[in-house]
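Okay, so here's the structure we're looking at.
Just so it is clear, none of the values below were taken in a lab; they were calculated from the coordinates. All figures in this text were calculated on a predicted structure; none of them were measured in a lab. Virtual Cβ from ideal backbone geometry, glycine too; neighbours counted across all protein chains shown.
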Amino acid sequence: MKEILIYVFLGIVQGLTEPLPISSSGHVFVLKKLLGITASDLNFEIVVNFGSLLAILLIYKDDLIRLIKNFFMYFKVKNEETKRDFKYCWLIVLGSIPVGIMGLLFKDMIEEKLNNMTIVGIAFLVTSLFLLLVSNIRGKRKESDMNIMDSVVIGLTQVVALIPGISRSGSTLIGGLFRKLDRETALKYSFMLYIPVSVGTTLLGFKDLLETSNLHDIVLPYGLGFIASMVVSYFTLRWFIGVVKKGNLKYFSLYTLILGILILIFM
């Protein structure tokens, strides 16, 4: 029962921290240390990330359906709407390439060399600094104004989030704001970039999960962790969309600053 509660708790933490610019990987790493979990359970991390992915798909389902429809419609009808969405789809693909390549090449090395409390604490401080720097930026560029350079810059910022403690949503949101995108456009593109990377990771991970010898024993704790992650991610992201529109990123900067300092002092 205790083990099940731990998995549910970690699912809730994933759901709270994945949509927010405060690093889900950093929080899970710290909590595992506090709870005395020494083994790396990559299968569980993939399951709860899948929960967050489904929540994001639900929230942006109308946009995704429109993008997919207009992407294929473009080959038949080239009007302003289909051209805009066709271009946007390719910008998502382009922005996803850097983290896909770097993840495949260096993920194991990053996990081996950078998974320690000092690095995580410093990474939280870096996240805090950049959130503070962009907290007052008010870009005006819309989705239709995005170009290749935007996707390259934002895609490269996503690579930095391979380091535990650097927020993926935070780094890509920061990249978008530095490129003078308006907040809603930057946030939406940030989560659009999350989708292809997460889908790829999930598909690769589920193959290993299905081959796990103790699959029967982990169905319940993994399932509950998945549900917790999906539900909490959904409501957290809906709330965060409103927060971003109001521009209250400085509170997340303060939180990650305090957390980073506490980690460096006490852990």
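If R0 is taken as 41 Å, the Cβ-Cβ distance between Lys140 and Asp208 corresponds to a FRET efficiency of 0.35. Placing unit charges on each Cβ (+1 for Lys and Arg, -1 for Asp and Glu) gives the chain a dipole about its Cα centre, and among Ile195, Val13, Phe44 the Cα reaching farthest toward its positive end belongs to Ile195.
Highest mean packing comes first when the peptides 231-237, 106-112, 185-191 are listed by Cβ atoms within 10 Å, giving 185-191, 231-237, 106-112.
May I ask you to sort His216, His27 by Cβ crowding, counting other Cβ atoms within 10 Å and putting the fewest first?
Working: His216 8, His27 23.
Taking fewest neighbouring Cβ atoms as first place, the list is His216, His27.
Neighbour counting of Cβ atoms within 10 Å sorts the residues Val134, Val152, fewest neighbours leading, into Val152, Val134. When you count the other C-beta atoms within 10 angstrom of each residue and take the mean per peptide, 193-203, 65-75 line up highest first as 193-203, 65-75. Close amide-amide hydrogen proximity is noted between Gly139 and Arg183, each under 5 Å apart and 5 or more residues distant or on a separate chain (H modeled in the peptide plane; Pro and chain starts excluded).
How high is the FRET efficiency between Leu129 and Leu58 when r is their beta carbon distance and R₀ equals 25 Å, given to the nearest 0.05?
0.15
What's the FRET efficiency of Ile4 with Asn79 using the Cβ-Cβ distance as r and R₀ = 41 Å, to the nearest 0.05? Intermediate results must be reported in sequence, preceding the final value.
Numbers: r = 53 Å, r/R0 = 1.29.
E between Ile4 and Asn79, to the nearest 0.05, is 0.20.
Can you give me the span-like helices of the chain, meaning DSSP H runs with 30 Å or more of Cα extent along the axis and Kyte-Doolittle mean at or above -1.0?
80-114, 183-210, 215-246
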